[in-house]
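J.: Provided herewith is a single structure, encoded as structure tokens, for subsequent inquiry.
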Amino acid sequence: MNAPERLHTPDLRPGDARCPGAPTVQEVLRADPDADRQPPSYRIDSYRFLGDADIPFERYTDPAFFKAEMDLMWPRVWQWACREEHIPEAGDFYVYDIGPWSLVITRTESGEIKAYYNACLHRGTKLKPSFTQGWSPKLACPFHGWTWDLDGKLIELPCSWDFPHVDHDKARLPEARVGTWGGFVFVCMDDDAPSLEEYLAPLPDHAAHAELADRYVSLHIQKELPCNWKVASEAFLESYHTHVTHPQLQNGTGDTNTQYDTFSPHINRLVSLAGVASPYSGGSVSEEEILETMVLGDRSSLSEPLTVPEGGSARSVMADYFKAAIKAGGKDLDDRSTAEIIDTVGYFAFPNGHFFLAPSFPIIYRFRPLGMDHTRALFDLMLLAPIPPGGRPDPYEPVRIGVEDSYGSVPGVDASLGQIYDQDTGNMGWMQEGMGAAKKRSATFANYQESRIRHIHQTIDMYLGLATG
């Protein structure tokens, strides 16, 4: 495999170099025949050079650094915890766990969403088991029976005669803050943090076209990973790895010409093209070959082979195919642009949310530490499908798979899609182990293609009080 010819850049500022011999994302978007229908956010180019110093491996391998994150960062940020459809009715609950923290998210009789710390005020027993969801008309301790209603008021205290020192009015369940956006429920344990709207800006405006609230969880996989949570998350912050990790995508996916943007301390983005060949393909890939690469999976689902008409493009053909398939399921996207349908536009909401926007089938990721082990992480993968004409189905029950399990083992997951995720997460344990074995004790990031990774480290430093700028 030959890389594109090296770009001579002595006259460019650090971070201004772009992949030579390949069109930029903005050039491809402008050339689309339906460019006038693209959301305005697609036409924003918001890169900032964030430095080029190495990042120490201890940020991934040192238990003390992990503890600092748990003490100073995770309790102070907004984290998406579940979807509103997980708790549609009064009494429905969903337990969200992060490190030592556990929150019971529930809906009250008035329809309000609450997030209670998952610990009894008697001796600390968890009110609900971790990683569970269900329905309960009240929150009762399974050990001694102290019980609270859905509004957090203590309503039962067995042998209350022995607790004259407990004021029922003051013995309410402590709450974390709750906010909602796009059908997602976010929680924050810091009373002084900014509002969710301020924290997420400009993501809600940029994502309006994706209609995330008008969705349901049609697939949910939880994958255990043998690495630090940042190792796991950072693998999806760049496309630099694509031509090596996913060689089967080379003829139909832009990779080293992906666009990277930074908007705020908490929000960054990538825009990766589909229907174009990788710069590593050598530039001789036909539109038919590009289309063949885009049609992953079981071709038997196609009523007839897809072809590119004379003068047409693989981008347009694939967009039209997806529009027709989605319309058959009851949602009309005929007025949407080609870029909206097929390109990857992925926003990262620090610290745990990846939102890959598409009006067809948005894909959502979440990464978090698994318990208090700094070398273990949990990867939530959700597919959001349009709500069918018959009404919103119940959300897909999460399927938990282990480190050695393939995504393809989950019912409903296409083998080719499972292979892509196996390729992605298969490298993560090797990276974690390599960091421990390395003589060079730091990572060297690309100025442009890995700028989003550097960005989240700078945000971590902001919370840990290590920022120097």
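J.: Out of segment 113-155, which residues are within 19 Å of MET189 (Cα to Cα), in contact (Cβ under 8 Å) with a residue 24 or more places away in the chain and loosely packed, with under 14 Cβ neighbours inside 10 Å?
T.: The answer is SER130, and nothing else.
J.: Okay, next question. Going through segment 70-96 one residue at a time, which ones are charged (D, E, K, R) and in contact with a strand residue (DSSP E or B) (Cβ under 8 Å, 6 or more places away or on another chain)?
T.: ARG76, ARG83, GLU84, GLU85, GLU89, ASP92
J.: Quick check on my filter: what residues within segment 159-181 are without any contact (Cβ under 8 Å) to a residue 40 or more places away in the chain, part of a loop (DSSP other than H, G, I, E, B) and either of a type outside the set (A, V, I, L, M, F, W, C) or touching a strand residue (DSSP E or B) at 6+ places or on another chain (Cβ under 7 Å) (or both)?
T.: PRO164, HIS165, ASP167, HIS168, ASP169, LYS170, ARG172
J.: While we're here: Considering only residues that are of a type in the set (S, T, N, Q) and over 19 Å from TYR421 (Cα atoms), look in segment 257-277 and name the one that is surrounded by the fewest Cβ atoms within 10 Å (Cβ to Cβ).
T.: SER264
J.: State the number of residues belonging to segment 289-312 that are surrounded by 14 or more Cβ atoms within 10 Å (Cβ to Cβ), in contact with a Leu (Cβ under 9 Å, 6 or more places away or on another chain) and modelled with pLDDT of 85 or more.
T.: Count: 4.
J.: Quick check on ARG177: is it surrounded by 13 or more Cβ atoms within 10 Å (Cβ to Cβ), closer than 30 Å to LEU383 by Cβ and of a type in the set (D, E, K, R)?
T.: yes
J.: For segment 232-255, what are the residues that are surrounded by 23 or more Cβ atoms within 10 Å (Cβ to Cβ) and of a type in the set (Val, Ile, Thr)?
T.: Selection gives THR253 alone.
J.: Taking the stated definitions as given, is ILE341 within 30 Å of PRO100 (Cβ to Cβ) and buried (at least 20 other Cβ atoms within 10 Å of the Cβ)?
T.: No; evaluated as a whole, the condition is false for this residue.
Residue-by-condition table, conditions (1) among the hydrophobic types (A, V, I, L, M, F, W, C); (2) more than 30 Å from the chain's Cα centre (by Cα):
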position: PRO129; (1), (2): no, no
position: HIS144; (1), (2): no, yes
position: LYS153; (1), (2): no, yes
position: ALA171; (1), (2): yes, yes
position: GLU175; (1), (2): no, no
position: GLY183; (1), (2): no, no
position: LEU200; (1), (2): yes, no
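J.: Which one is farthest from the chain's Cα centre (by Cα) among residues in segment 415-441 that are surrounded by 15 or more Cβ atoms within 10 Å (Cβ to Cβ) and closer than 15 Å to GLU58 by Cβ?
T.: If we take residues in segment 415-441 being surrounded by 15 or more Cβ atoms within 10 Å (Cβ to Cβ) and closer than 15 Å to GLU58 by Cβ, then MET435 is farthest from the chain's Cα centre (by Cα).
J.: Which of the residues spanning segment 325-348 are at pLDDT below 90 and either part of a helix (DSSP H, G or I) or not assigned by TED's automatic domain parsing to the domain that holds ASN268 (or both)?
T.: Across segment 325-348, the qualifying residues are ALA325, ILE326, LYS327, ALA328.
J.: On the given criteria, is ARG315 modelled with pLDDT of 90 or more, among the basic types (Lys, Arg), within 19 Å of the chain's Cα centre (by Cα) and buried (at least 19 other Cβ atoms within 10 Å of the Cβ)?
T.: Answer is no for this residue.
J.: Find the helices (runs of 4 or more DSSP H) located wholly in segment 6-68 whose residues include 1 or more that are of a type in the set (A, V, I, L, M, F, W, C) and either touching a Pro at 6+ places or on another chain (Cβ under 7 Å) or surrounded by 15 or more Cβ atoms within 10 Å (Cβ to Cβ) (or both), and list them.
T.: Those helices (runs of 4 or more DSSP H) span 25-31, 63-68.
J.: Sticking with this one: Which numbered condition in (1) touching a residue at least 24 places away in the same chain (Cβ under 8 Å); (2) crowded, with 17+ Cβ neighbours inside 10 Å is the only one that PHE356 fails?
T.: That leaves (1) as the condition not met.
The values are calculated or read from the model by the stated rules, or taken from the named source; none is laboratory data. None of the values given here were measured: they were computed from a predicted structure. Glycine also receives a Cβ, built like all others from the backbone with ideal geometry; neighbour counts cover every protein chain displayed.
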